Amino acid sequence: GKLIDTSVETQIGPRFATRTNLFYKKLYNFGDSGVIVNTPLYNRVTLSAQEAMGVETRIDLKGSKEGYGFNGFLSNTVQIAYLKGSKMVTGGLYDQSNEPNFAKYPDHDRRYVLQSGLGYRTRKNAWCLAEMSVQSGLQDSRAMDVFGPHPARTPPITLLGFNAGWDVPKKIRKSRAMPSSIDVRVQNILNQRVPLNSGSPFQGTRFQLPLRVLAGINWEV
């Protein structure tokens, strides 16, 4: 694809930095795959172009010079995005046209996204980070004649998450079998199960995944 990105960053003292970012991007062969029942077959849905533009404003709280202490961020993004090209379902070799075949360019984005995080890192390389994201809904393209009047977009979503982990110091990693870090991630703490999009022209209807806890181990090779 193509990306045009212009940023202005300002340092405020030793710990804070602000950034304003203007962007324009156009993605080609933008697609998604969905599993058919329990078989290894896939429906590949491909769009030849997605165009988006917007602005992000962000402020960062950096850790201390020694690398520990509080850190965090606050980011606000406003954007518009449209599916501009052709779409089709494919299951292998395919050929597609770059000419649009939508009745109109569907609005397909999260127009507003507010993200924030606050974390802490100790002198012994243990860390934690709490995150919050507020996102406007995606399009609701269900047929009016079947489902009746409804909003043009799905409800806004508030997602809460928490991560914690430990970076294993190099001095105690005596063998390659010793991991370089371990972490635990808790996602969607509010256990929201709301529709992410309804009747999307290329994804159908999908829902937010419920609360889940993930554990990870990382090795350096």
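Multiplying the residue separation of ALA215 and SER86 by 0.36 nm and subtracting their alpha-carbon distance yields 42.5 nm.
Structure note, pairs LYS25/LYS170; LYS26/LYS170; LYS2/LYS65; LYS25/LYS62; LYS2/LYS104: Cα-Cα distances above 32 angstrom occur for LYS25/LYS170; LYS26/LYS170; LYS2/LYS65. When the Gaussian network model of the chain links Cα atoms closer than 10 Å, the mean-square fluctuations of VAL168, VAL134, VAL146 top out at VAL146.
Accessible-area rank, largest first, for LYS2, LYS87: LYS2, LYS87, with all protein chains present and a 1.4 angstrom probe. Extension gain, ASN76 to LYS25: 0.36 nm times the residue separation minus the Cα-Cα distance gives 16.6 nm. Between the residues PRO169, GLY54, TYR105, the greatest Cα displacement towards the positive end of the dipole of the chain, with unit charges on the Cβ of Lys, Arg, Asp and Glu, is found for PRO169. Other residues within the sphere of radius under 12 Å centred on the Cβ of LYS26, judged by their own Cβ, net out at +2 (K and R +1, D and E -1).
Distances between placed amide hydrogens fall under 5 Å for LEU138 paired with THR154, all partners being 5 or more residues away or on another chain. Here the Debye sum runs over all C-alpha atoms of the chain as equal scatterers in vacuum, and log10 of I(q)/I(0) at q = 0.07, 0.08 Å⁻¹ comes out as -0.33, -0.43. Net charge of the neighbourhood of ILE80, taken over other residues with C-beta under 15 Å away and scored Lys/Arg +1, Asp/Glu -1, is +3.
What you get for the chain, charging only the Cβ of Lys and Arg (+1) and of Asp and Glu (-1), is a dipole of about 920 debye around the Cα centre.
Using a probe of 1.4 angstrom and keeping all protein chains present, the accessible surface of the chain works out to 64 square angstrom per residue. Distances between placed amide hydrogens fall under 5 Å for GLY85 paired with SER48, ALA49, all partners being 5 or more residues away or on another chain. A simple count of charges around GLY54, restricted to other residues whose Cβ falls under 12 Å of its Cβ and scoring Lys, Arg +1 and Asp, Glu -1, yields -1. The alpha-carbon atoms of the range 133-221 define a convex hull whose volume equals 120 cubic angstrom per residue. Counting 0.36 nm for each residue step from HIS150 to ALA17 and taking away their Cα separation leaves a gain of 43.7 nm. Computed over protein heavy atoms with a 1.4 Å probe, the carbon and sulfur contribution to the accessible area of the chain reaches 60%. With a simple spin-label model that places each label point 7 Å from the Cα along the Cα-to-Cβ direction, the separation between TRP166 and LEU114 comes to 3.7 nm. Within the range 167-221, the trypsin sites (Lys or Arg not before Pro) that combine a DSSP coil assignment with at most 13 other C-beta atoms in a 10 angstrom radius are LYS174, ARG176, ARG193.
A cut-off of 5 Å between modelled amide H atoms, ignoring neighbours fewer than 5 places along the same chain, links SER180 with ASN218, TRP219, GLU220.
Here the chain is scanned for GluC sites (Glu not before Pro) in DSSP loops (not H, G, I, E, B) that have at most 11 other Cβ atoms within 10 Å, and the longest stretch holding none of them is 67-219.
The values are calculated or read from the model by the stated rules, or taken from the named source; none is laboratory data. For clarity, every value in this text was computed on a predicted model and none was experimentally measured. Glycine also receives a Cβ, built like all others from the backbone with ideal geometry; neighbour counts cover every protein chain displayed. These accessible areas exclude ligands, DNA and RNA; they are computed on the full protein's heavy atoms, side chains included. Shrake-Rupley method; radii C 1.70, N 1.55, O 1.52, S 1.80 Å.
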